[in-house]
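What follows is calculated from the coordinates using simple rules that are stated; it is not laboratory data. Predicted model only: the values in this text are computed from it and were never measured. Using ideal geometry, Cβ is built from the backbone for each residue, glycine included, and neighbour counts are taken over all protein chains shown.
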Amino acid sequence: MNARRRSAAPQHRLLDYLLRQQRVKNDAALSRLLLLTPSSISKIRRGHTGVSAEVLLRVHEAFGIPIAELKRLEREHLERARLAAAHAPEPAP
């Protein structure tokens, strides 16, 4: 896995959090609520792109979650990912 995908990988956790906490049925329904294309959600979930400021703003507007809370969640997820990567065994050459 390359460094770019590894750093973006925890981004999907915000999507999982929203699905669970807001009781949204699936990614397609989430994309409709956030006024995003399904491919935008898919790219975040697959780690091809991160959660942009625009996406955070749309989450705030759709669900009323304060931006500070969203940023805190994002930092927590990134820190967990860093800790996991630090303790992960090195791949065999």
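Assign unit charges at the C-beta atoms only (+1 for Lys and Arg, -1 for Asp and Glu), then state the dipole size of the stretch 3-81 relative to its Cα centre in Debye, rounded to the nearest 20.
The calculation lands at about 320 debye.
How big is the stretch 46-93 by the Kirkwood estimate over distinct Cα pairs, in Å?
12.7 Å
Would you mind checking the radius of gyration and Dmax of the stretch 3-81 based on alpha-carbon positions, in Å?
Cα radius of gyration and Dmax of the stretch 3-81 are 11.6, 33 Å respectively.
Just name one of LEU57, LEU33, HIS77: the one whose Cα is farthest towards the positive end of the charge dipole of the stretch 3-81 (beta-carbon charges, Lys/Arg +1, Asp/Glu -1).
Positive-most Cα among the choices belongs to HIS77.
So which trypsin sites (Lys or Arg not before Pro) in the stretch 14-93 pass both tests, a DSSP loop state and at most 12 other Cβ atoms within 10 Å of the Cβ?
Passing sites in the stretch 14-93 are ARG23, LYS25.
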